[in-house]
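Engineer: So that we are looking at the same thing, I have put the structure below in structure tokens.
Derivation of every value follows stated rules applied to the coordinates shown; laboratory data play no part. These numbers come from a predicted model, not from an experiment. Please note: Cβ atoms are built from the backbone with ideal geometry, for glycine as well, and neighbour counts cover all protein chains shown.
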């Protein structure tokens, strides 16, 4: 069966510090992968999606970037965090019309 | 622009029936999905409608009317554990699995 992992589960970072969140998927090949951000009490904002290694599409302009160095690995990064980057970051993979989400990383930028 | 509208909050008592509506305005349409998210958790898939009509899965049903750009999620025999946020989502392009999510409806079930 397929599983999706994210780490860390929680993270507290100072403004201006770098960020690296990792997502890995097991049990499937060449999945479509997604990064979402969710502010407290809000909906899901799609940040990036990838259909293959090295193929990244950005949905919104921001100071975040994404990379897909391996088929089942998706990384979200920032060189300098802003206060507004705080939120719940979710990685997901899709199979036809269903998206499967990882457990998420709760990021607080102070 | 593309948007999905849902009520922000719905309350009900255990055993009752609740309907959560979703109206959408998107450039394309390939299906309407529903996801459940408990506080602090990740969204989980509930249902998907590509064609008009009602899809039933246990206590939950989902309806779609493409001509009205409208769908709803129906929850029957409500239980306390159904307290969560519910999101509708539209797949607006045929060549990707990308979804556009609504703002979510928070359902509170009271004893």
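Engineer: Report yes if residue B:76 is away from every other protein chain (no Cβ under 12 Å) and either within 22 Å of residue A:45 (Cα to Cα) or surrounded by fewer than 20 Cβ atoms within 10 Å (Cβ to Cβ) (or both), otherwise no.
Structural biologist: When the stated conditions are applied, residue B:76 passes them.
Engineer: Filter region B:23-54 down to the residues that are within 12 Å of chain A (Cβ to nearest Cβ) and in a strand (DSSP E or B) and list them by number.
Structural biologist: Within region B:23-54, B:32, B:33, B:34, B:35, B:36, B:37, B:44, B:45, B:46, B:47, B:48, B:49 meet the criteria.
Engineer: So residue A:103 passes all but one of these: (1) within 14 Å of chain B (Cβ to nearest Cβ); (2) closer than 11 Å to residue A:31 by Cα. Which condition number does it fail?
Structural biologist: (2) is the only condition that residue A:103 fails.
Engineer: Can you name the strands (runs of 3 or more DSSP E) wholly within chain A that have at least 1 residues being out of contact with any strand residue (DSSP E or B) (no Cβ under 8 Å at 6 or more places or on another chain)?
Structural biologist: A:64-70, A:87-95
Engineer: Right, something else. Restricting attention to region B:85-99, report how many residues are more than 8 Å from chain A (Cβ to nearest Cβ) and surrounded by fewer than 20 Cβ atoms within 10 Å (Cβ to Cβ).
Structural biologist: 4
Engineer: Mind listing whichever residues of region B:4-22 are within 10 Å of the chain's Cα centre (by Cα) and assigned to a strand (DSSP E or B)? Give the steps one after another, and end with the answer.
Structural biologist: Restricting attention to region B:4-22, the residues satisfying the condition of being within 10 Å of the chain's Cα centre (by Cα) are B:6, B:19-22.
Answer for region B:4-22, where residues must be within 10 Å of the chain's Cα centre (by Cα) and assigned to a strand (DSSP E or B): B:19, B:20, B:21, B:22.
Engineer: Which residue, of B:78, B:73, is outside any helix (DSSP H, G or I) and within 14 Å of the chain's Cα centre (by Cα)?
Structural biologist: Checking each option against the conditions leaves just B:73.
Engineer: Further question: Whether any residue in region B:5-12 is surrounded by 17 or more Cβ atoms within 10 Å (Cβ to Cβ), touching a strand residue (DSSP E or B) at 6+ places or on another chain (Cβ under 6 Å) and under 24 Å from residue B:67 (Cβ atoms) is what I want to check.
Structural biologist: For region B:5-12, residues surrounded by 17 or more Cβ atoms within 10 Å (Cβ to Cβ), touching a strand residue (DSSP E or B) at 6+ places or on another chain (Cβ under 6 Å) and under 24 Å from residue B:67 (Cβ atoms): present.
Engineer: Look at residue A:48 and say whether it is surrounded by 19 or more Cβ atoms within 10 Å (Cβ to Cβ), within 12 Å of another protein chain (Cβ to nearest Cβ) and under 21 Å from residue B:91 (Cβ atoms). Don't jump to the end; show me each part of the working.
Structural biologist: Working: surrounded by 19 or more Cβ atoms within 10 Å (Cβ to Cβ): yes; within 12 Å of another protein chain (Cβ to nearest Cβ): yes; under 21 Å from residue B:91 (Cβ atoms): yes.
It is true that residue A:48 is surrounded by 19 or more Cβ atoms within 10 Å (Cβ to Cβ), within 12 Å of another protein chain (Cβ to nearest Cβ) and under 21 Å from residue B:91 (Cβ atoms).
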